[in-house]
Amino acid sequence: MGKLYGLIGHPVGHSMSPLMHNGEFKALGLSHHYQAFDLSPEQLEDGVEAMKMLDIQGFNVTIPHKVAIIPLLDEVEQEALDIGAVNTVYKRDGKYIGTNTDGKGYLLSLLTLMKVKDLKNKRVLVIGAGGAARAVAVSISRAGVLSLTIANRTLEKAENLTSVCHAYTTANATTLQEAEMMLSHFDIIINTTSIGMSPHLDRMPLSLEDLNKGTVVSDLIYNPLETKWMRLSKQKGAVTDNGISMFVEQGALAFEKWTGETPDRERMRNAVLKELGGYSC
Ligand code: NAP
């Protein structure tokens, strides 16, 4: 029998998740449905109660509810607690459990890009210390990296995130200016800030002067599909990836948690690219 899944956020009209999940339900012959619900912060508590009454089997959580939802759930997994945010809720034995597939999704997309099984000997720079940075930094620290450096405009936020990651790896905080001078020191550099996102296409998080050929440079932004930062990194011989891989993988992990089925990641990716106008198959 068809089950109901969904997304809560404010706003949710622009989200590509309904298209991605409903497309995959259909392709796999599942009669489930994924529905976006626009809930303002004032509506969150009643909205989550309504989701439970509707017996929704799982839902995604997006801005601005990723933190506020935590006390409204029956349980929250440790990784989501470390990140300080829930982006996916699933139902087990009558309980609504919070998890975070953003960080794991990023980690898996990075391993796929690099064609490696782990990051144990890698020195990583994360630029930014906002919500996306928290998910990425916590998940790659938990997976075990040689070292993690977090650079942010507001140094205090980088220091705060570093203190969480310290439980899992050698982590330190720095300024954007210092990070810029140390670029050649890193194997992997990740932009988690919104700098370079449409319409500010000319902006870059850091200058790439000291970038080594072969460094992995990734950008969580997918609008545009290729930021100026990505384009220049590629020109300098970096191995690059945009934010589509993370978006698809976080959705695929939620899909697996909810249905126990393995979705076709390539098909999900193509659905998203088609929506964004970058379909190239
Ligand atoms: P956020 O919590 O608001 O954090 C924004 C980060 O960007 C902060 O570190 C902020 O620094 C920095 N920043 C913004 N403007 C800046 C500027 N002019 N100069 C220097 N630093 C600046 O946002 P978020 O939720 O983490 O999202 C960040 C980006 O990730 C967005 O582009 C979003 O679309 C993308 N994202 C992608 C995925 C995916 O699946 N691919 C998932 C989530 C997010 P301060 O701390 O100093 O303010």
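The values are calculated or read from the model by the stated rules, or taken from the named source; none is laboratory data. This is a predicted model, so every value here is computed, not measured. All Cβ positions, glycine included, derive from the backbone under ideal geometry; neighbour counts span all protein chains shown. For the accessible areas, the whole protein counts, side chains as well, though only heavy atoms, and no ligand, DNA or RNA atoms are used. Shrake-Rupley method; radii C 1.70, N 1.55, O 1.52, S 1.80 Å.
Cross-link pairs exceeding 27 Å between alpha carbons, from the set Lys95/Lys117; Lys66/Lys91; Lys122/Lys274; Lys66/Lys117; Lys66/Lys236; Lys228/Lys274: Lys95/Lys117; Lys122/Lys274; Lys66/Lys117; Lys66/Lys236. Paramagnetic label reach from Asp38 (point 7 Å along Cα→Cβ; backbone nitrogen cut-off under 17 Å): within region 63-95, residues 63-65.
Starting from the Kirkwood radius over alpha-carbon pairs of the chain, derive D by Stokes-Einstein at 4 °C in a medium of 1.567 mPa s and give it in µm² s⁻¹. Using the Kirkwood radius from Cα pairs, D works out to 67 µm²/s.
A Cα-only calculation for region 5-102 places Rg and Dmax at 12.9, 37 Å.
On the accessible surface of region 1-128, probed at 1.4 Å, how many percent belong to carbon and sulfur atoms?
Carbon and sulfur: 55 percent of the exposed surface of region 1-128.
Once each of the trypsin sites (Lys or Arg not before Pro) sitting in a DSSP loop with at most 12 other beta-carbon atoms within 10 Å is removed, the chain keeps 1-114 as its longest stretch. Computed about the Cα centre, the dipole magnitude for region 198-279 is approximately 200 debye when only Lys and Arg (+1) and Asp and Glu (-1) carry charge, each at its Cβ.
Working note: Cα gyration tensor of region 55-158, eigenvalues times five, square-rooted, sorted largest first, giving semi-axes of 27, 17, 10 Å. A Cβ-based charge dipole, computed about the Cα centre of region 6-107 with Lys and Arg at +1 and Asp and Glu at -1, lands at about 340 debye. Taking every alpha-carbon pair under 8 Å whose residues sit at least 6 apart, region 19-111 reaches a relative contact order of 20 percent. By the equivalent-ellipsoid construction on the alpha carbon gyration tensor, region 156-253 comes out with semi-axes of 21, 18, 14 Å, ordered largest to smallest. For the chain, the relative contact order works out to 15 percent when only alpha carbon pairs closer than 8 Å and six or more residues apart are counted.
Taken over region 82-135, the alpha-carbon convex hull comes to 112 cubic angstrom per residue. Note on Gln235 and Arg92: the model spin-label points, each 7 Å out from Cα along the C-beta direction, lie 4.9 nm apart. Dipole check for the chain: with +1 at the C-beta of Lys and Arg, -1 at the C-beta of Asp and Glu, and the Cα centre as origin, the magnitude is about 820 Debye. Could you calculate the contour length gain from Lys120 to Ile63, that is, 0.36 nm times the residue separation minus the distance between their Cα atoms, to one decimal place in nm? So the chain would gain 17.3 nm between Lys120 and Ile63.
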